[in-house]
1. Just one of (1) buried (at least 22 other Cβ atoms within 10 Å of the Cβ); (2) free of Cβ contacts under 8 Å to residues at least 12 places away in the same chain trips up residue A:189, so point out which.
2. For residue A:219, all conditions in the list (1) more than 11 Å from every other protein chain (Cβ to nearest Cβ); (2) at pLDDT 90 or above; (3) part of a loop (DSSP other than H, G, I, E, B) hold save one; what is the number of the exception?
3. Within the range B:71-95, which residues are more than 8 Å from every other protein chain (Cβ to nearest Cβ), in a loop (DSSP other than H, G, I, E, B) and either closer than 28 Å to residue A:100 by Cβ or at pLDDT 90 or above (or both)?
4. Name the one entry in B:40, B:23 that is at pLDDT 70 or above, part of a helix (DSSP H, G or I) and surrounded by 15 or more Cβ atoms within 10 Å (Cβ to Cβ).
5. Those residues that are more than 13 Å from every other protein chain (Cβ to nearest Cβ), out of contact with any strand residue (DSSP E or B) (no Cβ under 7 Å at 6 or more places or on another chain) and either more than 18 Å from residue B:78 (Cα to Cα) or buried (at least 18 other Cβ atoms within 10 Å of the Cβ) (or both), I need them from the range A:49-99; list them, please.
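The values are calculated or read from the model by the stated rules, or taken from the named source; none is laboratory data. Please read these numbers as outputs of a predicted model, since none were measured by experiment. Counting neighbours? That spans all protein chains shown, and the Cβs are built from the backbone with ideal geometry, glycine included.
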């Protein structure tokens, strides 16, 4: 009579030992089906873990598409990503979640790119930079280009101490070696995270100079997107604006470039700011 | 004078950010309780501009705020436009009917 009781107790004890409370790290394969995914959580929040910030959807940890743990190095970035997840209504629209996508790219590195690859990709845009290519006709457009693009070019030249000229031909302009070196150094100075964001911004704007102006806080995102689309802007002023094409293009570009700029800013190491106190009667 | 303008810009940014957050965030809880809003409010509090000196730091934080606002607004507007101009793809029969044609029938 006693023996079965003992084995029973033993069994129960081993079972309870197995089911120890663990943090639930379930890998969501179903998240990445091609069909529409319903919003399966109520609230997204952030937690800090050994200097990294993670995002929790309800109680479950967010993961990247390949199953890695989702971690970001900065708190405002994590908060913004949690907001992205929170702002989803009934279905998950991944195409609207730029910050999440950028973070996933850094964490997974799906195309196995090294730092050198990314930097080379960015530098590629230097000789085909948008604001260097001037169209000679119509005259009005040439004036507009001079008016809008030249100040940015001037700032770029003076602030980085480089020479770079615009061109009116189809051939790419001659890039002096010094310029290339300076820009390579500048781009290389970004850490891995900021580099991916920077490259995304350059890709969308098709211009390094405009992206540098954004990251150096010289231009707002709206203005930079306007400058990148100057020709389209000129044409729509003459021929009219098509809302479902041009406006959609503007807003999509703005959201992508803004996400890239925020990514670069929040992931850069110079986040330490000294707080200025408020003076009341200082002269 | 320039400082007053800056303060006004700051107030405007704060108002617009709050509005965007209200639209996108969870309607169940109060905006004030969310950690995101607390972070934004803290940033505004910490980086209050001095009345006399021109702070480069202040500009920088404002630009970040403006960039975030730009992202939220652009996402919302592009979504609105997508909804506004959304159409379902027509079936072949409907497309044919547009020009007054009918699909050929197959006799078995």
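1. Condition (1) is where residue A:189 drops out.
2. With (1) more than 11 Å from every other protein chain (Cβ to nearest Cβ); (2) at pLDDT 90 or above; (3) part of a loop (DSSP other than H, G, I, E, B) applied to residue A:219, the lone miss is (1).
3. Once the filter is applied, which keeps residues that are more than 8 Å from every other protein chain (Cβ to nearest Cβ), in a loop (DSSP other than H, G, I, E, B) and either closer than 28 Å to residue A:100 by Cβ or at pLDDT 90 or above (or both), the range B:71-95 yields only B:86.
4. Details: B:23 fails: surrounded by 15 or more Cβ atoms within 10 Å (Cβ to Cβ).
Just a single option satisfies the conditions, and that option is B:40.
5. A:49, A:50, A:51, A:59, A:60, A:64, A:65, A:66, A:67, A:68
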